[in-house]
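Chemist: Following this message is one structure expressed as structure tokens.
The values are calculated or read from the model by the stated rules, or taken from the named source; none is laboratory data. Since the structure is predicted, the reported quantities are computational estimates derived from the model, not experimental observations. Cβ placement follows ideal geometry from the backbone for every residue including glycine, while neighbour counts extend to all protein chains displayed. These accessible areas exclude ligands, DNA and RNA; they are computed on the full protein's heavy atoms, side chains included. Shrake-Rupley method; radii C 1.70, N 1.55, O 1.52, S 1.80 Å.
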Protein chains: 2
Amino acid sequence: MRKDSRLSRMLHVLIHMNQLDAPATSEKIASMLNTNPVVVRRTMAGLRDKGYVSSVKGHGGGWSLAISLSDITLLDIHNAIGESSVFTIGLSDEHTSCPIEIAVNQAISDVLIEAEALLLERFRDVTLDMLAVGFADYPLNQQASSGE
Amino acid sequence: MRKDSRLSRMLHVLIHMNQLDAPATSEKIASMLNTNPVVVRRTMAGLRDKGYVSSVKGHGGGWSLAISLSDITLLDIHNAIGESSVFTIGLSDEHTSCPIEIAVNQAISDVLIEAEALLLERFRDVTLDMLAVGFADYPLNQQASSGE
DNA sequence: CATTAAATAACATCATAAGTTACATGAAAT
DNA sequence: ATTTCATGTAACTTATGATGTTATTTAATG
């Protein structure tokens, strides 16, 4: 099933942006991601709406970080992207009044909710500056961050 | 992103099959799921390969449970279906040697692995007979079975 | 031999992230 | 003011994989 790589891509870009002096144009970011400027604008727009980045039109314009990497968590970006669900697993809805279908869906749903809660909790524990730290340690990529 | 409802559907079917005396034809199962006999055969084939159901051709043929519901877990069926990944979240691979991309992907991957481990663990704790119990408790079916 | 039902191949449909094209809007440089 | 640069946005195409469909073959029963 096709994967949604927006989270990974946006995190990647944000950390790179932190090391730049000037705003990064959509064109520049797109070439960084081997993609298209419009795709970049589309996804970055969600981050701007939440206040993580800002955009400026015209000469010298482009995208900049609006707040510090240490104030942005994986969860923040995950939410800003607005993914409908993190799971490929869905529930059937052929017979919503069939007690078996209800029991089955309830059992699956319980597990998905618990697993997603754990995932979101872990995402909330990681700020983007932690990932930038790994950069300094490259190529050994030693575990200097406090994450588990 | 489109959901994969095969797990829910197969669990639903297996529990219904447990209440039948004769083999269920793909046709019958398909109408139960509002779908097509070929779709049923395609998915059931995976369960048969793992020994959870058996299929018989010709007159009086169809699909039957090969083992007890109490010996089948959600995890068993999940594995038998052979989903590639439970997550819609994917990792970028534009620059596999970029230390930032590596750090980002590692962080995401760590979380996904932990969340999936929890999910699989929970799936392993639920056997199909547990879901069938809910059936007896359902108001519309109280005449079906009173003991529990 | 006729009928039933699975097995299989080949193809169509659908949803959605991603990619693309085209044009409008706004800001800075000249 | 005009040109240039870059975002904003609409509309469309592409790619992918579960799902759906049609047609044919294989096997078992009556």
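Chemist: In a Gaussian network model over chain B where Cα atoms closer than 10 Å are linked, find which of B:N18, B:N36, B:N105 has the largest mean-square fluctuation.
Modeler: B:N105
Chemist: Please count, across the protein assembly as shown, the pairs of lysine residues with Cα atoms under 29 Å apart that sit 8 or more places apart or on different chains.
Modeler: Qualifying lysine pairs in the protein assembly as shown: 11.
Chemist: Another question, if that's okay. Which residue fluctuates most in the GNM of chain B (Cα springs below 10 Å): B:E94, B:E83, B:E114?
Modeler: Checking each option, the largest mean-square fluctuation is seen for B:E94.
Chemist: Taking only Cα atoms and a 10 Å spring cutoff, compute GNM fluctuations for chain A and point out the largest among A:D129, A:D93, A:D21.
Modeler: Evaluated over chain A, the most mobile residue of the options is A:D93.
Chemist: How much accessible surface does B:H78 have with a 1.4 Å probe, in Å² rounded to 10?
Modeler: In the full protein context, B:H78 sits at about 10 Å².
Chemist: How high is the FRET efficiency from A:K3 to A:E27, r the C-beta distance, R0 35 Å, rounded to 0.05?
Modeler: So the FRET efficiency works out to roughly 0.90.
Chemist: Let me ask you something else. So for each of A:122-128, B:48-54, A:5-11 I average, over its residues, the number of other beta carbons within 10 Å; can you give me the resulting order with the highest mean first?
Modeler: A:5-11, A:122-128, B:48-54
Chemist: Oh, and also: Quick one: which residues, 5 or more positions from A:F87 or on another chain, have an amide H under 5 Å from its amide H? H modelled 1.01 Å from N in the peptide plane, none for Pro or chain starts.
Modeler: Amide H to amide H, under 5 Å and 5 or more residues apart or across chains, A:F87 pairs with B:T88.
Chemist: Please report, for B:E114, the nm distances (one decimal) from its label point, 7 Å out from Cα along the beta-carbon direction, to the equivalent points in the remaining copies, shortest first.
Modeler: From this label point to the equivalent ones elsewhere in the assembly: 1.7 nm.
Chemist: Is there a simple number for the mean count of other chain Cβ atoms within 10 Å of the Cβ of residues in A:110-120, and what is it?
Modeler: 5
Chemist: Answer with one residue from A:H59, A:A103, A:N79: the one whose Cα lies farthest towards the positive end of the charge dipole of chain A, charges on Cβ with Lys, Arg +1 and Asp, Glu -1.
Modeler: A:H59
Chemist: Further, regarding this structure: Along the Cα-to-C-beta direction of A:E114, a point sits 7 Å from the Cα; which residues of the stretch B:96-111 have their amide N less than 11 Å from that point?
Modeler: none
Chemist: Ok, one more. Just checking the output field for B:60-68: average partner chain Cβ neighbours within 10 Å of each residue's Cβ?
Modeler: Counting other chains' Cβ atoms within 10 Å and averaging over B:60-68 gives 0.
Chemist: Between B:K50 and B:T35, how many nm apart are label points set 7 Å from Cα along the C-beta direction?
Modeler: Those two pseudo-labels are separated by 1.5 nm.
Chemist: Run through the other copies and list how far each one's label point is from that of A:G82, in nm with one decimal, shortest first; the point sits 7 Å from Cα along Cα-Cβ.
Modeler: 3.7
Chemist: Relative to the longest principal axis of the C-alpha atoms of chain B, give the angle of the C-alpha long axis of helix B:99-124, reported between 0 and 90° and rounded to the nearest 10°.
Modeler: 20 degrees
Chemist: A further question on this structure: May I ask you to report, in nm to one decimal and beginning with the shortest, the distances from B:K50 to the same position in the other copies, taking label points 7 Å along Cα-to-Cβ?
Modeler: 3.5
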